[in-house]
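Since the structure comes first, as structure tokens, the remarks are kept for the end.
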Amino acid sequence: MFKKIALLSVVALAFSCAKEKDGFALNASFNDAVNGKSVKLLKVEGQKQEVIDSMTITNGTAVFEGSVESPDIYFIQIDEVRGTIPVIIENEEMTVSINSDSIYNTRVKGSKENDAFNTYQEYMVGLQKKNQLLSADFRNAQQSQDTALVADIQARYMAMVDENLAHDIEFMKENNDALVSALILERHLGNPKVTAEQKQDIYNNFTEKVKNTRPGKTVGEAVQAEAATTIGSVVKDFSAPNPEGKTISLNEIKGKVTIIDFWAAWCGPCRKENPNLVNVYNKYHDKGLEILGVSLDGTPRQQDAKAEWIAAIEKDGLAWHQMSNLDYFNDPIAKQFNIRAIPATYILDAEGKIVASGLRGQDLENKIAELLN
């Protein structure tokens, strides 16, 4: 329960060398214990990890230099040292002192973006300490079977979550020109406690500089997608290859009622829900129900994503239309619908208007019966 509060980890790096024109200079100093070890500057996006630079720590120092199009979050990783150190890289001269025994307590100096990041981190460190104390109290209450105390701690935890959210919203509003605000909003995209209107308002308040960063663009696309997939919105047509390689589109196969089902062969909950979809399809297809399966297969863990996708269709008896770009959550259709977890379903009427979403099991069947009976 107490792991839900996600810290944007503490930042650290050190620099003090002449920066290149229109570039960054990141001089990091280290304690003696890591002399001779390799240190890397990494960029991480989803499951993709790219080594931007790598060098050996010599005489307790390492220097990273280069240039970036816009500020973004990067990570420093020291060979054989547990954890990574996030840092916001912008085209400035920055410094950081890293102790390998307490890397999460370091802070980057010398840039406006890291100043804002540090302010946010200080609040989050305090919140994490409260979370740790509550976690210990929670375990003790469970062991002693004190149900009243367990309930009280749970209530205090939820109050802390609400406090964190209120702080984040206020921080993003007050720091609309800081990259960290876009990173915070990116983290809250899937948070049901933040309404679509709140996300839109916060995003609209960002400066153009922030909107044009990588997380700013991600947030912008997600906010737009969420607005386009609310109840009552008409879904924009989309297309992708079917298992035979032929491109099909939503508008070609829409029925009186259409279920768009986001799933994947590797997704256990999706496969568990498939028998219910088969049952609903068999009952209501003759009355005008169509289902369009959009597979998010294509994870790097799959050796042959297309073969696994086709095998799952056959094994689960999915007789309706299927499409996939085999690009995992990078699928443009998944981005159009802001899909961050599967299974996910949308129910459309004959005009393509969304009438319900997120239904499974009996709730899904009840809604289809209501629309077609």
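The values are calculated or read from the model by the stated rules, or taken from the named source; none is laboratory data. All of these numbers come straight from a predicted model, not from anything done at the bench. Here Cβ is always computed from backbone atoms with ideal geometry, including for glycine, and neighbour counts include all displayed protein chains. For the accessible areas, the whole protein counts, side chains as well, though only heavy atoms, and no ligand, DNA or RNA atoms are used. Shrake-Rupley method; radii C 1.70, N 1.55, O 1.52, S 1.80 Å.
Who wins for biggest fluctuation among R271, R301, R340 in a Gaussian network model of the chain, springs between alpha carbons below 10 Å? Its mean-square fluctuation being the largest, the pick is R301. Proximity of backbone amide H atoms, modeled 1.01 Å from N, is registered between G255 and E290 at under 5 Å, excluding neighbours fewer than 5 places apart on the same chain. Centroid-to-centroid, using Cα positions, the range 123-162 and the range 90-112 are 32 Å apart.
Take the Cα of L165, step 7 Å toward its Cβ, do the same at V51, and the gap between the two points is 4.2 nm. Quick check on the chain: of the DSSP beta bridges with both residues there, what percent are antiparallel, nearest 5%? Restricted to the chain, the bridges split so that about 70 percent are antiparallel. In a DSSP loop and with at most 12 other Cβ atoms within 10 Å, the trypsin sites (Lys or Arg not before Pro) in the range 156-204 are K193. Using a Gaussian network model of the chain in which every pair of alpha carbons under 10 angstrom is joined by a spring, one finds that among D115, D137, D349 the greatest mean-square fluctuation is at D137.
If you filter the range 203-297 for GluC sites (Glu not before Pro), then keep DSSP loop positions with at most 16 other Cβ within 10 Å, what is left? Taking the range 203-297 and a limit of 16 other Cβ atoms within 10 Å, the loop GluC sites (Glu not before Pro) found are E244. Report, ordered by chain and residue number, the lysines lying within cross-link reach of K315, taken as a straight Cα distance under 23 Å and ignoring same-chain residues fewer than 8 apart. Correct list for K315: K246, K272, K283, K306. Listed values for the range 256-270 are Karplus-derived 3J(HN,Hα) couplings in whole Hz (6.51 cos²θ - 1.76 cosθ + 1.60, θ = phi - 60°), namely 4, 9, 10, 9, 9, 10, 8, 7, 6, 4, 7, 8, x, x, 5, and x replaces Gly and Pro.
Within the listed set N140, N35, N91, the Gaussian network model of the chain (springs between alpha-carbon atoms below 10 Å) gives the highest mean-square fluctuation for N140.
The H on the amide N of L318, modeled in the peptide plane, is under 5 Å from the matching H of no residue at least 5 residues off or on a different chain. D152 sits among other residues whose Cβ lies under 13 Å from its own Cβ, and their net charge, with Lys and Arg +1 and Asp and Glu -1, is -1. How much FRET efficiency would the formula 1/(1 + (r/R0)^6) give for D137 and L189, where r is the Cβ-Cβ distance and R0 is 25 Å, rounded to 0.05? With R0 = 25 Å, the Cβ-Cβ based efficiency is 0.20. For the pair the range 27-73 / the range 299-332, the C-alpha centres are spaced 37 Å from each other.
Using the Kirkwood radius built from alpha carbon pairs, what does the Stokes-Einstein equation give as D for the range 261-311 at 20 °C and 1.002 mPa s, in µm² per second?
179
Residue by residue, the range 316-326 carries 3J(HN,Hα) couplings of 8, x, 8, 8, 8, 5, 10, 9, 6, 8, 6 Hz when phi is fed to the Karplus relation 6.51 cos²θ - 1.76 cosθ + 1.60 (θ = phi - 60°); x denotes Gly or Pro. Residues whose amide H comes within less than 5 Å of that of N31, counting only those at least five positions distant or on another chain, are I98, S100 (H built at 1.01 Å from N in the peptide plane).
Model label sites at N105 and A196, defined 7 Å from Cα along the beta-carbon direction, differ in position by 4.7 nm. Based on protein heavy atoms only, the chain ends up with 49 Å² per residue of surface accessible to a 1.4 Å probe. Among the listed values (i) 23.6; (ii) 21.0; (iii) 22.7, the one matching Kirkwood radius over Cα pairs in Å as calculated from this structure is (i). Couplings 3J(HN,Hα) of the range 187-203, computed from phi: 5, 8, 4, x, 7, x, 7, 9, 6, 4, 5, 4, 4, 4, 5, 5, 4 Hz, in residue order, whole Hz [Karplus 6.51 cos²θ - 1.76 cosθ + 1.60, θ = phi - 60°; x for Gly and Pro]. Here is the list for the range 70-119: trypsin sites (Lys or Arg not before Pro) lying in DSSP coil, each with at most 15 other C-beta atoms within 10 angstrom of its C-beta, are R82. Within the accessible area of the range 139-199, the carbon and sulfur atoms contribute 51%, probe 1.4 Å, all protein chains present.
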